[in-house]
1. In segment 91-132, what GluC sites (Glu not before Pro) fall in a loop by DSSP, with at most 14 other Cβ atoms inside 10 Å?
2. Once amide H atoms are placed 1.01 Å from N in the peptide plane, what residues at a sequence separation of 5 or more from LEU88, or on another chain, have their amide H within under 5 Å of its amide H?
3. Using θ = phi - 60° and the Karplus curve 6.51 cos²θ - 1.76 cosθ + 1.60, what whole-Hz ³J(HN,Hα) does each residue of segment 90-95 get, with Gly and Pro shown as x?
4. Using unit Cβ charges (K, R positive; D, E negative) and no other charged atoms, how large, in debye to the nearest 20, is the dipole of segment 21-125 about its Cα centre?
5. Quick one: in segment 152-197, what % of C-alpha pairs are over 16 Å apart?
6. When the label point is put 7 Å from the Cα of GLU194 along its Cα-to-beta-carbon vector, which residues of segment 100-116 have a backbone N closer than 19 Å?
7. Please state the shape class of the chain: rounded when a/c is under 1.5, otherwise prolate if a/b exceeds b/c and oblate if not, all from the C-alpha gyration tensor.
8. Assign one of three labels to segment 101-151, namely rounded, prolate or oblate, based on the Cα gyration tensor with a ≥ b ≥ c the square roots of its eigenvalues; rounded applies when a/c is under 1.5, prolate when it is not and a/b is larger than b/c, and oblate otherwise.
Amino acid sequence: MYQLPILNYGYADLEPFIDEATMKIHHTKHHQTYADKFNSALEAYPDLANKKAEELVADWSKLSNDIQTAVRNFGGGYVNHNFFFSILGPKKSEVGPDGSLMIAIERDFGSWEKFVEKFSASAIGLFGSGWCWLVADFAGQLKIVTTVNQDSPLSQNLIPLLTCDVWEHAYYLKYQNKRADYVSAFFSVINWEEVTRLYQTLILKT
Ligand code: MN
């Protein structure tokens, strides 16, 4: 059974950027529902149950036809939210990565400001529900990609480093239709230590 990871911060700790009510509903209702539906879809497939959720989502198109959609949507929703909540954290005085990740951002996007601008534009411009990601390919090159619904970059052989959930449930209570304000606020509650750790782990493997 896939469980929700415990968050290492409280629902109110991202205030005022992401409000407590949104965080609580997002985690205990939306994320939990993806986990429940993923578990229930896999009940009839005991041979899949010992795989990591990320592996199933990465290779959903190689599974038998009757389970593909459930793994893509519910497995994707479960895995994407696990990741999203893991890279959030209370606002720190210093906002942004340092060290090797900042150097890579400057190398691949031109500057920190250009990265923020491009990521924000991609998140704001994504039509409908989905996710905006900072990813690395297997050569360590950084890219910004978007995915629709609960699709994951893992299915495109890309390694997630950062993501912004732009489904309306992630921001509508506080920001209503103002997705741009939510995306701007999102940049204040990124756990850059964790994002940097993910990048450094990846670089050691390339
Ligand atoms: Mn969500």
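Taken together, the values in this text are just the output of simple stated rules run on the coordinates, not laboratory data. Source: prediction; values computed, not measured. Methodologically, a virtual Cβ is constructed for each residue, glycine included, from the backbone with ideal geometry; neighbour enumeration extends over all protein chains shown.
1. Here the GluC sites (Glu not before Pro) that fit, given the DSSP loop and packing criteria, are GLU94.
2. Those qualifying (amide H under 5 Å, at least 5 residues apart or on another chain) are ASN191.
3. x, 4, 10, 5, 9, 10
4. Using only the charged Cβ atoms, the result is roughly 280 debye.
5. Counting every Cα pair in segment 152-197, those more than 16 Å apart make up 49 percent.
6. 101-102
7. oblate
8. Cα axes put segment 101-151 in the oblate bin.
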